[in-house]
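One structure below.
The values are calculated or read from the model by the stated rules, or taken from the named source; none is laboratory data. As the structure is a prediction and not an experimental result, all values here were calculated from the model. Quick reminder, even Gly has a Cβ in these numbers, built from the backbone with ideal geometry, and neighbours come from all protein chains shown. Protein only, heavy atoms only, side chains kept; ligands, DNA and RNA dropped before computing areas. Shrake-Rupley method; radii C 1.70, N 1.55, O 1.52, S 1.80 Å.
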Amino acid sequence: MLKNKIILHIDINAFFASVEEANNPSLKNKPIVVAGKTKRSVVSCPNYAARKYGIKAAMPIFQAKNLCKNLIIVSHKFNLYEKYSEKFIDLLSEKISNRIEYISLDECYMDVTNLVTEKQTPKMIAEKIQKIVKQELGLGTSIGISYNKFLAKMGSDYKKPMGITEILNNDKVKKIIWPQPIGNMYFVGKSTEKALIENQIKTIGHLANCNDYDFLESVFGKNWEHFLDNANGIGEDELTYSYGEPKSVSVSKTLLTDTNDYSEIKVNIKEFAKEISERLSRYDLVGKTLSVYVKDPEFKLHTKNKTLKNYIYSYEQMLVVFLEMYQKHFLDMKIRLVGVGISNLINKEPEMCSELFDKKQHKSTHKKNLYDIADEINHKFSKNILRVGFKSK
């Protein structure tokens, strides 16, 4: 049992500019800024190629052009940014966890305490998030990992782009947080920074060790203890969940080459079914509309759906349906991507247990209970080590 919670702060790097690059690949690796196009406009968001020239947010456009003669200026597309933000949160909720506190278009907190095991560390979860957000949306993320929201936020700012920073004990607070300039501290504005520096509080460590409480109150007001606590690594760990249960759960994989090798594809579908079953169990959900989808060598998407009579959630039941659907619709087709999913989800209520399984195949509640036990054990050990057998006729 973990003593502290594990909180992630996930921040999309150079969000506006990164979305423009993802939406228009011809912009990749070129210096671009998102801004207005009048002479008085300022830079809203430079990409990392532009930052190499010294271009920063809030810099006047004329100054940015002087620093980089071939700078590309892209106008804001707020509807596009909102769509990518929604996709970002949807992706995290579906693939990782719905224990999310939405902060803004490009950042959120996530409580992953229940996902951490001996075989799945917080860093491994963060790496998985970075991988899927990059693969699915083309966006880079920096992630801070800690036991409270303040330190997680500071961690995500510590290494950019594509950084992962763990601050999980007091020694890391002293090593990573204390040496930083006081202006780097979350919620410390320019006027507050100036007042602190004038009184020799130049780093977060200086603030952490300040015992002139009257002075701190004069600078921070009635919230001075909150800032002092934060500087010492103490902060809030309760998230305000702003995202509900997933509406669907799916897993896909882009294959190395175009193939119609069923044995290779079957192995992938088995892994997908295991992962989907684990996620459904995590949220106590069941579903009855199953999907199998592929992309052909030209990356054209082909999808087939099947709605069952009864709700299911177990690995074995989903696998049977997924394989039957694949064999029926895509067996001889060369593909580059394969994926499966389940939708039409509802909560698994105790009173509906008798309806979860086809009575012709599963005649007793005893068999249903075995499925529950097997799923719980498999989830605990992060492996599909226990399965329910079927009696031969």
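Show the residue pairs meeting these rules: Cβ distance below 9 Å; 6+ apart or different chains; first residue within the stretch 247-260 and farther than 17 Å from T289 by Cβ; second residue basic (K, R) and not in a strand (DSSP E or B). Here the result reads D258/K334; T259/K334; N260/K334, each pair linking the stretch 247-260 to a residue that is basic (K, R) and not in a strand (DSSP E or B).
Scanning the stretch 330-348 for residues that are outside any strand (DSSP E or B) and either over 19 Å from K288 (Cα atoms) or touching a helix residue (DSSP H, G or I) at 6+ places or on another chain (Cβ under 9 Å) (or both) yields F330, L331, D332, M333, K334, L345, K348. Look at (1) surrounded by fewer than 19 Cβ atoms within 10 Å (Cβ to Cβ); (2) in contact with a strand residue (DSSP E or B) (Cβ under 7 Å, 6 or more places away or on another chain) and you find that S75 fails only one, number (2). Restricting attention to the stretch 98-123, the residues being in a helix (DSSP H, G or I) and either surrounded by 14 or more Cβ atoms within 10 Å (Cβ to Cβ) or touching a strand residue (DSSP E or B) at 6+ places or on another chain (Cβ under 7 Å) (or both) number 4. If you go through the stretch 1-23 and keep only what is modelled with pLDDT under 95 and polar (S, T, N, Q), you end up with N4, N23.
Farther than 30 Å from V116 by Cβ, among the polar types (S, T, N, Q), modelled with pLDDT of 95 or more and surrounded by 23 or more Cβ atoms within 10 Å (Cβ to Cβ): does that describe N66? Criteria not met by N66.
Among the residues here, G155 qualifies as assigned to a helix (DSSP H, G or I), open to solvent by less than 10 Å² (accessible area, probe 1.4 Å), at pLDDT 95 or above and of a type outside the set (S, T, N, Q). Looking at the stretch 270-280, can you tell me whether even one residue there is aliphatic (A, V, I, L, M), farther than 19 Å from S93 by Cα and touching a strand residue (DSSP E or B) at 6+ places or on another chain (Cβ under 8 Å)? No: the stretch 270-280 contains no residue that is aliphatic (A, V, I, L, M), farther than 19 Å from S93 by Cα and touching a strand residue (DSSP E or B) at 6+ places or on another chain (Cβ under 8 Å). Filtering the stretch 124-135 to residues that are open to solvent by 30 Å² or more (accessible area, probe 1.4 Å) and either in contact with a Gly (Cβ under 8 Å, 6 or more places away or on another chain) or farther than 17 Å from D11 by Cβ (or both) leaves M124, K134, Q135. Restricting the stretch 184-204 to residues that are open to solvent by 70 Å² or more (accessible area, probe 1.4 Å) and in a loop (DSSP other than H, G, I, E, B), the residue that is nearest to G155 (Cα to Cα) is F187.
The listed residues are V267, V286, V292, and the only one of them that is of a type outside the set (S, T, N, Q), open to solvent by 20 Å² or more (accessible area, probe 1.4 Å) and either touching a Gly at 6+ places or on another chain (Cβ under 6 Å) or at negative phi (or both) turns out to be V267.
Based on this model, can you work out whether L216 counts as surrounded by 14 or more Cβ atoms within 10 Å (Cβ to Cβ), at pLDDT below 85 and more than 29 Å from N347 (Cβ to Cβ)? It is false that L216 is surrounded by 14 or more Cβ atoms within 10 Å (Cβ to Cβ), at pLDDT below 85 and more than 29 Å from N347 (Cβ to Cβ). Residue count for the stretch 10-40, restricted to those that are open to solvent by less than 80 Å² (accessible area, probe 1.4 Å) and touching a residue at least 24 places away in the same chain (Cβ under 8 Å): 20. Taken together, the residues in the stretch 112-144 that are acidic (D, E) and at pLDDT below 95 amount to 2. Examine the stretch 145-152 for a residue that is in a helix (DSSP H, G or I), touching a strand residue (DSSP E or B) at 6+ places or on another chain (Cβ under 8 Å) and open to solvent by 20 Å² or more (accessible area, probe 1.4 Å), and state whether such a residue exists. Within the stretch 145-152, one or more residues are in a helix (DSSP H, G or I), touching a strand residue (DSSP E or B) at 6+ places or on another chain (Cβ under 8 Å) and open to solvent by 20 Å² or more (accessible area, probe 1.4 Å). Is it true that some residue in the stretch 88-97 is closer than 18 Å to E275 by Cβ, touching a strand residue (DSSP E or B) at 6+ places or on another chain (Cβ under 7 Å), part of a loop (DSSP other than H, G, I, E, B) and of a type outside the set (V, I, T)? Among the residues of the stretch 88-97, at least one is closer than 18 Å to E275 by Cβ, touching a strand residue (DSSP E or B) at 6+ places or on another chain (Cβ under 7 Å), part of a loop (DSSP other than H, G, I, E, B) and of a type outside the set (V, I, T), which makes the answer yes. Within the stretch 295-317, the residues that satisfy the criterion of being of a type in the set (A, V, I, L, M) and either under 17 Å from K348 (Cβ atoms) or open to solvent by less than 40 Å² (accessible area, probe 1.4 Å) (or both) are L308, I312.
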